[in-house]
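In what follows, a single structure is set out as structure tokens and then discussed.
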Amino acid sequence: MGKTIIVSNRLPLQINITENNELEVTPSVGGLATGLKSFHQEGDSIWIGWTGIAEEDIPDALEKEVIQEVKNQDCIPVSLTSDEIEKFYYGFSNRTIWPLFHYFMEFTEFDPDHWEAYKAVNKKYAEAVIERLDDDDVVWVHDYQLLLLPEYIRRKKPNVTIGFFNHIPFPSSEVFRTLPWREEVLRGMLGADLIGFHTYDYERHFLRSVNRILRYDINFNSVNIGNRIVRSDSFPMGIDYKKFHKAAKEHKDQPRSENSDIQKKLDYHKYVTRNTKLILSIDRLDYTKGIANRIRAFGYFLEKYPEYQEKVRLIMLAVPSRTNVPQYQLLKKEIDELVGRINGKFATINWTPIWYFYRAMPFENLIDLYASSDVALITPTRDGMNLVAKEYIATRTDQTGVLILSEMAGAAHELNEALIINPNNFEQIVDTMKMALEMPEEEQIRRNKILQKRLKRYNVERWASDFMKSLRETKDSRKAFKSI
Ligand code: ADP
Ligand code: G6P
């Protein structure tokens, strides 16, 4: 077998041009980039994707430098114009597929112009792949921005091995079938030999859609598309457990050189108000993450259990995301207001109930946050997986800490020892918060021990190797099938 070509819309690095016309390179945020990065760093792979900046925004003088930065990480850039970004990325990817696949029908737009751009950009990606493709290479396509890519590659290279992994939920066929371009999308995915999902439910929804819409026969998890058999399976994505655990260990008692405001707050918490318990909330600012309801629930908690006023604090980190999409702008406003309202209502001279940060931050701060928090409160209304939940558990080196996790996150299927809640049930959330804050240490340790063992074993490396193994087997069985 030759090299692996990873293809995703977003590369693991993000290029920005500063006000002084200098190049700034930061790691990308989001489960796909953080998870796959570890696989990419270890193997013989190249990664094709977008750098997060519009073609027109890169000054000519910096073009070479951008290419070099990308090359340094064994990546190959696909450049997108601002028009493509508007219609393909903000448009079809994030105003059609993203809301539809997360059951936000009311946010879903069906715009033919966006669909045309989506097809055109998927073709652009196909050309970028084909240009670098040797016959024995394996192509591994990722996520909802590139649903058509497997078929586009297959048309030009019928025998190549292609895997596809969907990092977000696949909705029930009742929801999926509302998409005007449903046949094309399914055929696009079926260009792959193996299609992976985080959970069995997503896989069943996909197979049901294929059966209902395309009328293909399904045999267990195989789709007979006439000239080929396509397989699907579930592969719950893990994290780089060692990296998080080790970083938390090393980080524990080291003095911090960096003096960011997050660090100052954490130091204040650790050294001044150490009796106040810390509840952590971290996500990209996205309506699927249930952030606004989480803040409301925290306000309600302070009301229902007033003995916790001045005894607990919510530290909330929201990373800016897809800021050109109106729903994200509205959500930002709603969150700002809610935080203001709750802090205004409950704050005292010595205590602010919510510390809120709207920014990305360096890895070491992230580790410090995970390691310093008594409880992690993760309440998405829908989430393909949610790696933050897994990262929190991995950083608990003394095995204390309580994870409260929404049953709507893919991760809930594996993390049964967490406190699982329904994100729409306010009473349950606030009572679970109380339970978490009062859970005896032995009980915390008992639960986390099991969780850590599982996460350590089913890490991101295992996820990738399971997928690749299964892809090879699918391909081999196809060869055998052909030679009969
Ligand atoms: P999603 O993929 O929807 O963003 P996940 O929870 O699966 O959600 O993945 C988020 C990833 O982004 C995690 O790996 C997490 O470590 C990273 N991340 C989240 N917040 C920050 C932040 N403020 N700074 C840097 N990385 C972050
Ligand atoms: C989720 C998606 C990824 C995406 C990430 C960040 O994890 O599954 O495909 O890259 O969010 O979103 P963005 O729009 O910034 O790429």
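The values are calculated or read from the model by the stated rules, or taken from the named source; none is laboratory data. The structure presented is a predicted model; accordingly, all values stated were derived computationally and were not measured. Note that we place each Cβ from the backbone using ideal geometry, even for glycine, and neighbour counts take in every protein chain shown.
Looking at the range 1-14, which of its residues are buried (at least 17 other Cβ atoms within 10 Å of the Cβ) and of a type in the set (A, V, I, L, M, F, W, C)?
Those that are buried (at least 17 other Cβ atoms within 10 Å of the Cβ) and of a type in the set (A, V, I, L, M, F, W, C): 5, 6, 7, 11, 13.
State all residues of the range 134-182 that are closer than 17 Å to residue 474 by Cβ and in a loop (DSSP other than H, G, I, E, B); if no residue qualifies, say none.
From the range 134-182, those closer than 17 Å to residue 474 by Cβ are 136-141, 150-151, 153-154, 157-166; that's our starting set.
If the condition is that a residue be closer than 17 Å to residue 474 by Cβ and in a loop (DSSP other than H, G, I, E, B), then 136, 137, 157, 158, 159, 160, 166 are the ones that fit.
Under 6 Å between Cβ atoms, which residue pairs at least 6 apart in sequence (or on different chains) link something in the range 16-35 that is more than 26 Å from residue 60 (Cβ to Cβ) and free of Cβ contacts under 8 Å to residues at least 40 places away in the same chain with a partner that is within 15 Å of ligand 1 (Cβ to nearest atom) and in a strand (DSSP E or B)?
33/10
Could you check the range 347-404 and list, in sequence order, the residues that are within 26 Å of residue 322 (Cβ to Cβ) and among the basic types (Lys, Arg)?
Of everything in the range 347-404, those that are within 26 Å of residue 322 (Cβ to Cβ) and among the basic types (Lys, Arg) turn out to be 359, 382, 390.
Going by what's in this entry, would residue 400 be described as buried (at least 20 other Cβ atoms within 10 Å of the Cβ), away from ligand 1 (no atom under 16 Å from the Cβ), of a type in the set (Ser, Thr, Tyr) and within 23 Å of residue 355 (Cβ to Cβ)?
Answer is no for this residue.
Given the structure, is residue 314 within 16 Å of ligand 1 (Cβ to nearest atom) and more than 28 Å from residue 196 (Cα to Cα)?
yes
Among the residues of the range 54-64, are any under 25 Å from residue 169 (Cβ atoms) and touching a strand residue (DSSP E or B) at 6+ places or on another chain (Cβ under 6 Å)?
No, the range 54-64 contains no residue that is under 25 Å from residue 169 (Cβ atoms) and touching a strand residue (DSSP E or B) at 6+ places or on another chain (Cβ under 6 Å).
Are there any pairs with C-beta distances below 6 angstrom linking a residue in the range 74-97 that is under 19 Å from residue 144 (Cα atoms) to a residue that is in a strand (DSSP E or B) and within 12 Å of ligand 2 (Cβ to nearest atom), with the two at least 6 apart or on different chains, and if so which?
Filtered contacts from the range 74-97: 78/50; 80/50.
As an exercise: evaluate residue 118 against (1) more than 14 Å from residue 49 (Cα to Cα); (2) surrounded by fewer than 22 Cβ atoms within 10 Å (Cβ to Cβ); (3) away from ligand 1 (no atom under 16 Å from the Cβ); (4) not basic (Lys, Arg) and give the number of the one condition it does not meet.
Going through (1) more than 14 Å from residue 49 (Cα to Cα); (2) surrounded by fewer than 22 Cβ atoms within 10 Å (Cβ to Cβ); (3) away from ligand 1 (no atom under 16 Å from the Cβ); (4) not basic (Lys, Arg) one by one, residue 118 breaks only (2).
Criterion first (more than 16 Å from ligand 2 (Cβ to nearest atom) and among the small types (Gly, Ala, Ser)) does residue 409 satisfy it?
Judged against the criteria, residue 409 is not a match.
I'd like to know if the range 426-437 contains one or more residues that are surrounded by 14 or more Cβ atoms within 10 Å (Cβ to Cβ) and in a loop (DSSP other than H, G, I, E, B).
no
Among the numbered conditions (1) more than 16 Å from ligand 2 (Cβ to nearest atom); (2) under 22 Å from the mean Cα position of the chain (by Cα); (3) of a type outside the set (Gly, Ala, Ser); (4) not in a helix (DSSP H, G or I), tell me where residue 399 comes up short.
Condition not satisfied by residue 399: (2).
Can you list the helices (runs of 4 or more DSSP H) found entirely within the range 209-317 that contain at least 3 residues being at pLDDT below 95?
By residue number, 241-251, 261-271.
Count, please, the residues in the range 219-246 that happen to be loosely packed, with under 15 Cβ neighbours inside 10 Å and within 23 Å of residue 477 (Cα to Cα).
Counting residues in the range 219-246 that are loosely packed, with under 15 Cβ neighbours inside 10 Å and within 23 Å of residue 477 (Cα to Cα) gives 5.
Go through the range 15-35 and count every residue that is away from ligand 1 (no atom under 11 Å from the Cβ) and surrounded by fewer than 21 Cβ atoms within 10 Å (Cβ to Cβ).
Looking only at the range 15-35, we keep the residues that are away from ligand 1 (no atom under 11 Å from the Cβ), and these are 15-25.
Those left that are additionally surrounded by fewer than 21 Cβ atoms within 10 Å (Cβ to Cβ): 16-25.
Count: 10.
Based on this model, can you work out whether residue 45 counts as within 16 Å of ligand 1 (Cβ to nearest atom), closer than 15 Å to residue 142 by Cβ, under 23 Å from the mean Cα position of the chain (by Cα) and among the small types (Gly, Ala, Ser)?
So residue 45 fails the test.
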